[in-house]
Amino acid sequence: MGNCYLVEQASRLLSETVEQASRLLSETMYEIETERLLLRQFSLADVDEIYAIYSQDEVMKYVGKIRTREEVEKYIEKMLKSWEENKFGMWAIAWKNEAKILGDGGLCFLDGTPPEIEVGYVLDKPYWHLGLATEVAKASLRYGFEVLNLHKIVAVADPKNVASRRVMEKAGMKYEKDAFYYNSDVVYYSISKSDCSSDGSLFVLHE
């Protein structure tokens with residue numbers, strides 16, 4: 001009777017330990033340090049800064065309509081939920097030594113629907129043409145392949161968005177097909193884990 005009790009207790013403790021470890025893993029929300037940037041987790045305190053970016057016609061020209069402050073708040077809540085449930089989402093992009101948000105980037109489900117996962121990025125206009133989007137895209141791909149162990153990551157863009165297509169290509173992605181997502185005609189790029197190799201740039205993962 002005593003041995004059975006001890007076995008039952010040990011089994012229960014093991015089950016609780018596994019459950020706790022699983023819960024902690026699912027709650028882990030990673031951040032990444034690159035050569036120039038910190039890709040950090042969002043908080044609702046970031047709503048005004050992201051709204052200031054997402055309310056500009058020129059910034060949103062190829063990535064959808066401008067958003068209201070309420071829509072931005074819901075977007076950030078959705079990203080936080082994605083991190084909790086999937087261990088990936090969009091990060092707020094900032095310089096390493098400054099708090100100001102430059103934009104956002106990371107991984108999300110393509111067109112909001114599993115199973116395909118896409119890399120995306122949006123930067124405020126003053127930070128265009130500095131190679132930052134490529135830096136974000138490369139770090140996001142490494143996170144997807146090295147941390148999440150994904151086998152393939154995709155990206156889509158308006159066919160006329162030459163700058164975004166160049167970012168995809170610089171990150172090692174290849175054009176695959178014309179497609180239709182987000183109620184728009186897009187070009188569809190992809191890269192597999194086996195084709196993604198590190199270029200030696202800084203990639204530091206923080207929990």
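Taken together, the values in this text are just the output of simple stated rules run on the coordinates, not laboratory data. As the structure is a computational prediction, the values presented were derived from the model and not from experiment. Using ideal geometry, Cβ is built from the backbone for each residue, glycine included, and neighbour counts are taken over all protein chains shown.
Pairs of alpha-carbon atoms within less than 8 angstrom and 6+ residues apart define the contacts here; what relative contact order does the chain have, in percent?
20
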About its Cα centre, how strong a charge dipole does region 28-206 have in debye, to the nearest 20, once Lys and Arg get +1 and Asp and Glu get -1 at the Cβ? 340
Angle check, please: helix 2-27 long axis (alpha carbons) against the longest principal axis of the chain (alpha carbons), in degrees 0 to 90, nearest 10. 10
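Rounded to a whole number of µm²/s, how large is the Stokes-Einstein D of the chain at 10 °C and 1.306 mPa s, given Rh as the Kirkwood radius over C-alpha pairs?
87
Antiparallel versus total DSSP beta bridges in the chain: what percent is that, nearest 5?
Close to 95 percent.
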For region 67-84, just list the computed ³J(HN,Hα) in residue order, Karplus coefficients 6.51, -1.76 and 1.60, θ = phi - 60°, integers in Hz, with x standing in for Gly and Pro. 10, 7, 4, 5, 5, 5, 4, 5, 4, 5, 4, 5, 5, 5, 5, 4, 4, 5
Going from the fewest other Cβ atoms within 10 Å to the most, one would list ASP46, ASP111 as ASP111, ASP46
Across region 29-40, in residue order, what do the Karplus-derived ³J(HN,Hα) couplings come to in whole Hz, using 6.51 cos²θ - 1.76 cosθ + 1.60 with θ = phi - 60° and x for Gly and Pro? 10, 6, 10, 10, 9, 10, 3, 10, 10, 10, 9, 10
For region 116-207: rounded, prolate or oblate by the Cα gyration tensor [a/c cutoff 1.5]: oblate
For the chain, with a Gaussian network of springs between Cα atoms less than 10 Å apart, report the residue from LEU80, LEU148, LEU102 with the top mean-square fluctuation. LEU148
Residues whose placed amide H lies under 5 Å from that of GLY103, excluding near-sequence neighbours: ILE93, ASP124
In Hz, Karplus ³J(HN,Hα) per residue of region 176-186 (6.51, -1.76, 1.60; θ = phi - 60°; x = Gly, Pro): 10, 5, 7, 8, 9, 9, 6, 6, 9, 6, 9
When LYS193, LYS81 are arranged by how many other beta-carbons sit within 10 Å of their Cβ, fewest first, they go LYS81, LYS193
